[in-house]
Amino acid sequence: MEGRVTEPGADNRWARSIAPLFHRILDRIDAGLEVGAIEALLPDGVHRLLGGRQDGPVAHVTVVRWRALRRLITGGSIGWYEAWEEGDWTSPDPVPLFDLFMRNRATLGNVARAKRGTRLAARAMHALRHNDRRNARRNIAAHYDLGNDFYEAWLDPTLTYSSALFEAGDTLEAAQQRKIDAILSRANVPANGTLLEIGCGWGGLAERAGQRGIGVRAITLAAEQQGFVADRTIDLPVAVSLTDYRDVRGLYDGVASVEMVEAVGERYWADYLATVARALKPRGRAAIQFIKIADDIWPSYRANVDFIQAYVFPGGMLIHEPKFRALAEAQGLCWQDRHAFGQDYAETLRQWRERFDAAVAEGRLPARFDRRFVDLWRYYLMYCEGGFRGGGIDVVQITLVKQR
């Protein structure tokens, strides 16, 4: 497209002197945007339109300092977050930008992926957080033991911290109940039967199952959750404990596990699935909800450490579905009734962000969290929403049936 660059209105000699180097980086981004566009205001005062060849999301970005681009091309998603946190770039709504980078991931190539030195340092740190028994509890506590009062301020009344399953007209609470009911339907445990829940959150599913007369064994590694669930289900046939999934014993009619396996790590996927198989009675059913990374991203994702792993979920890793399925089948678990609903997660995240912003505006977040923490979490919610909208990540429910 001709005429996409307009002359600056302000004179910043230093910014203009180094501008050609960074415009070459922008040229690469421009070439990689097959769909959608970025309208950018740059430190030298230049306005540029990147992409714009086919319809798609349009992101508005102000690059305040050139080092934002340097951090992007050397540090990938970690560097881009750190640049945002320090005010090197701003946007009235970053979600379309994250959507664009996911949507155009194939044509953008490695433009926004961490370079070797930065990648190796981040991987070394991430490797130290692998989820053996000691680290698993520490990693879970870093995210889920932030305080029940923190999560209560912005989650829906069910206190469900995973993707909802929407139908037209649903409130967030109704869509979360729909998701819970879908998981229980997959597990198909009769009244007076037994259900193991691996990673019970704040007890919405355990409560619902207990109300149906199902005996629930709920496990978590988060002390704050364990106490909350015990109080929530005190009059129901629910037992909740601080237990590592690897230490589960006994047989159950069904297993439920909703977005827990992302905290396991690739090294331990086989252990997790062995636990599921060992816990199920013959022909028993496990209902699993997990977040997956797109197959085409998997090699680079596996070789890098992203913003979420570095700043939000220590030890976390999204699922590579082909490998995870193969490991499940090796345990005698038949993979059935796959349902993907990533756009429902995008909507869940959008509503969480609205509720989070309202809690901030109304002063309902606990006073112990400073502005930097609040900004990190808002960025995290936007980053995830963009990832789901752009199709690079997805959420899936599947049923695993024990064959022997």
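I'd like the residue in the range 367-397 that is part of a loop (DSSP other than H, G, I, E, B), open to solvent by 20 Å² or more (accessible area, probe 1.4 Å) and not aromatic (Phe, Trp, Tyr) and, out of all such residues, is nearest to ASP337 (Cα to Cα).
Within the range 367-397, the match that is nearest to ASP337 (Cα to Cα) is GLY391.
Working only within the range 324-363, note down all residues that are among the basic types (Lys, Arg) and surrounded by 14 or more Cβ atoms within 10 Å (Cβ to Cβ).
Selection gives ARG325, ARG350, ARG353, ARG355.
Of the residues in the range 291-304, how many are hydrophobic (A, V, I, L, M, F, W, C) and closer than 13 Å to GLU266 by Cβ?
3
Among the numbered criteria (1) part of a helix (DSSP H, G or I); (2) open to solvent by 30 Å² or more (accessible area, probe 1.4 Å); (3) modelled with pLDDT of 90 or more; (4) in contact with a helix residue (DSSP H, G or I) (Cβ under 6 Å, 6 or more places away or on another chain), which one does ASP99 miss?
Exception for ASP99: condition (2).
For the range 310-361, which residues satisfy the criterion of being closer than 24 Å to ASN188 by Cα and basic (Lys, Arg)?
ARG325, ARG338
Among the residues in the range 196-218, are any part of a loop (DSSP other than H, G, I, E, B) and modelled with pLDDT under 95?
Within the range 196-218 (the criterion being part of a loop (DSSP other than H, G, I, E, B) and modelled with pLDDT under 95), the answer is no, since none of the residues qualifies.
Which count do you get for residues in the range 41-54 that are outside any loop (DSSP other than H, G, I, E, B) and over 19 Å from GLY76 (Cβ atoms)?
Count: 5.
Could you tell me whether the range 229-238 includes any residue that is without any contact (Cβ under 8 Å) to a residue 40 or more places away in the chain and open to solvent by less than 20 Å² (accessible area, probe 1.4 Å)?
Yes, the range 229-238 contains at least one residue that is without any contact (Cβ under 8 Å) to a residue 40 or more places away in the chain and open to solvent by less than 20 Å² (accessible area, probe 1.4 Å).
Just the residues that are at pLDDT 95 or above and in a loop (DSSP other than H, G, I, E, B), please, taken from the range 139-156.
Those that are at pLDDT 95 or above and in a loop (DSSP other than H, G, I, E, B): ALA153, TRP154, LEU155, ASP156.
The values are calculated or read from the model by the stated rules, or taken from the named source; none is laboratory data. All figures in this text were calculated on a predicted structure; none of them were measured in a lab. Note that we place each Cβ from the backbone using ideal geometry, even for glycine, and neighbour counts take in every protein chain shown. Each accessible area value is taken on the protein alone, full model and side chains, heavy atoms only, with ligands, DNA and RNA left out. Shrake-Rupley method; radii C 1.70, N 1.55, O 1.52, S 1.80 Å.
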